[in-house]
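Comments concern the structure below.
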Amino acid sequence: MTDKRNLVTITTIYQIMNTGANIIHKDPKKFVKKPNLSDYEKTYKEFTWKKAEKEYLDFFEDGTLNASYIAIDRHAIGKSASKNALLFESATGEKETYTYGQLKDLTNKFANVLDLHGVQKGDRVFIFLPTIPERLVVFFGILKLGAIAGTLFSAFMEMALMDRLLDSGAKVVVTNATLFPRIQKIWKDLPALEKVIIVERGSVDQPKGENLIYYKHEMEKASADFAIAHMQKEDLSYMLYTSGTTGKPKGVVHAHGDIVQAMVTTKFVLDVHEDDIYWCTADLGWVTGVVYGALGPFGLGATSVIFEGRFSPENWYKVLQDYQVTVWYTAPTAIRMLMGSPVSPKEYNLSNLRFLASVGEPLNPEAIWWGLEAFGLPFHDTWWQTEQGSITVTNYSVMDVRPGSMGKPLPGVIAAVIDEDGKEVPVGEEGHLALKPETIYSLMKQIWGNKEKFDSYFRNGWYLSGDKAFKDKDGYFWFVGRADDVIKTSGERVGPFEVESALVEHEDVIEAGVIGKPDELRGEIIKAFVVVKPGVEKNEETKKRIMAYVKQHLAGHAYPREIEFIDKLPKTRSGKIMRRLLKSRELGLPEGDTSTLEDY
Ligand code: PRX
């Protein structure tokens, strides 16, 4: 198989069957590489997390461990020390490579820097940086010290930062000169925030001030020896804020031992082999960036690409080509943007690609068919959530793909579609997608400071995902939608309450209700129904001002792309906005049960 873009060759490996349900049948014997998971059914039967722990975890002599040791240091011994861990390309085209040996020294140094500045086990250190190598050095350095790494998306503005840094009681934030002003604005309201570390990369003038520490300066002085913190599997390692229907985002906290499932899935699902060049396009500010941009691939000692530049078909195809990427993990919106672009992947030499996967939102069958035509390979849909810490229901290299389906449970994981009482519903029937919590090894260990919220995920012995799905007769799971009002826009999870709260901060706005409106490209866009103060002009100008306000104060990605003025929001008698009703009306669907609606 020399040219994967040759359709004749493709059809010998991937036979597209027209069986009513289009299926992409595979012939693994003809794959470039033998899949890590060569027999799904057999592995599913035989796999246990106990055995996986033995295989994937490296314990210190006293029976403790550290995820950073597993991800970095153990590969920095012997021959693999000189293996490239990281291939970096900056937004302006500079290239850098880092070996596992170098990363060991850098992460040790950073752990020493934190130690010197009083950071202790369990303290929260947040990372607010663009996609640069320091982000990973900082992440693994924090874990080495036994502190908890919090990651932030670089599009967050001060309102989003405030919620997260205040709730977590972050002691240190690591950022750069460009992003620092957003922290500076809110620092006075963050009593726990003691120091900010500025990463000096780039030519911008560095901010000056009290309690600012300069990364390069400190790293030059720091020792490359560090006594890694000995942690238990359940000890906390990283946290991420994620959105639900109600209230502000919640801090989902994971533990050091969770790296086991990150590695198992990077191996079994993403099929990463030792000599692969792997590119996960997700930002470290989201869980996919943490688990599949850091823990999983480094845990396996693979070589990862990170690219600071913006998304464009030209940029991305060039990265795939120049770095000879073999395994590529990306997201449906990006795939749809590539699909819609006049730039063809066939103008690039992408012949090294051998495995493609996608996550974060429904992967529409058209995107899979397009991938097959464009790259000669199908995208493999994978499903999971921030709370789950790793992939749990998914497609595999060895398994036939049913375009539109999320695939089957990971070996070790029990998933089901259940009714309100926790009973499995018959095949083909829609219900709640739930998992046996004890079978998700990397399941969150807590919601930061909110036990009630944590407990609310579990009912009748199940972990409830909040997604609706059905299972077909062959055991494939199919995503139907969210059971709540959580919005997925370009694969990024946004809580309507967060956006509504930002909207009402605008001087013209009295009230706002926010929904996800289906969108061909982005999956959903944020749509806001807004009640404005008397006298405010209900025109395009006002809409633009309100949109810009949310974009500039909440987050660059979490602003309403559509605003509609409304005289009054539909609410329950207890005053809760009925977003479901706004959505049904928007989509022209039946309004359902409106018995709790206040007089309208
Ligand atoms: O609704 C599901 C959707 O994204 C949610 C989880 O979002 P988040 O915690 O940000 O995690 C993103 C990284 C996994 C889910 O509840 N979702 C995720 N993957 C898929 C998906 N929806 C459909 N198909 C998927 N493959």
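Quick notes on this structure:
- In segment 347-406, of all residues being assigned to a strand (DSSP E or B) and of a type in the set (Gly, Ala, Ser), the one that is nearest to Ser490 (Cα to Cα) corresponds to Ser358.
- Residue within segment 270-277 that is under 19 Å from the mean Cα position of the chain (by Cα) and closer than 15 Å to Ala71 by Cα present: yes
- Qualifying residue in segment 203-215 (condition: surrounded by fewer than 17 Cβ atoms within 10 Å (Cβ to Cβ), hydrophobic (A, V, I, L, M, F, W, C) and more than 21 Å from Phe110 (Cα to Cα)): yes
- Only one entry of Lys423, Lys453, Lys471 meets the criterion of being away from the ligand (no atom under 13 Å from the Cβ), under 29 Å from Lys267 (Cβ atoms) and of a type outside the set (Asp, Glu), and that entry is Lys471.
Residues are listed down the side, and each one gets a yes or a no for (1) closer than 30 Å to Pro437 by Cβ; (2) among the β-branched types (Val, Ile, Thr); (3) more than 16 Å from the ligand (Cβ to nearest atom):
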site	(1), (2), (3)
Ser351	no, no, yes
Pro362	yes, no, no
Glu366	no, no, no
Asp381	yes, no, no
Thr386	yes, yes, no
Thr394	yes, yes, no
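- Tally, over segment 474-492, of residues that are within 9 Å of the ligand (Cβ to nearest atom), out of contact with any Gly (no Cβ under 7 Å at 6 or more places or on another chain) and closer than 21 Å to Lys576 by Cβ: 1
- Scanning segment 269-289 for residues that are more than 16 Å from the ligand (Cβ to nearest atom), in contact (Cβ under 8 Å) with a residue 60 or more places away in the chain, within 25 Å of Asn108 (Cβ to Cβ) and assigned to a helix (DSSP H, G or I) turns up nothing.
- Matching residues in segment 60-82 - criterion: being assigned to a loop (DSSP other than H, G, I, E, B), surrounded by fewer than 22 Cβ atoms within 10 Å (Cβ to Cβ) and touching an Asp or Glu at 6+ places or on another chain (Cβ under 9 Å): Thr64
- Candidate set from segment 554-589 (those that are part of a loop (DSSP other than H, G, I, E, B) and of a type in the set (Ser, Thr, Tyr)); member that is surrounded by the fewest Cβ atoms within 10 Å (Cβ to Cβ): Ser574
- Residues in segment 289-298 that are buried (at least 24 other Cβ atoms within 10 Å of the Cβ) and under 14 Å from Ile391 (Cα atoms): Val290, Val291, Tyr292, Gly293, Leu295, Gly296, Pro297.
- Among the residues of segment 471-522, those identified as out of contact with any Asp or Glu (no Cβ under 8 Å at 6 or more places or on another chain), farther than 28 Å from Met162 by Cα and either of a type in the set (Ser, Thr, Tyr) or part of a strand (DSSP E or B) (or both) are Lys471, Tyr476, Phe477, Asp519.
Bear in mind that the values in this text are calculations on the coordinates, not laboratory data. No experiment lies behind these values; they were computed from the predicted model shown. When we count neighbours, we look across all protein chains shown, and the Cβ atoms used for this are built from the backbone with ideal geometry, even at glycine.
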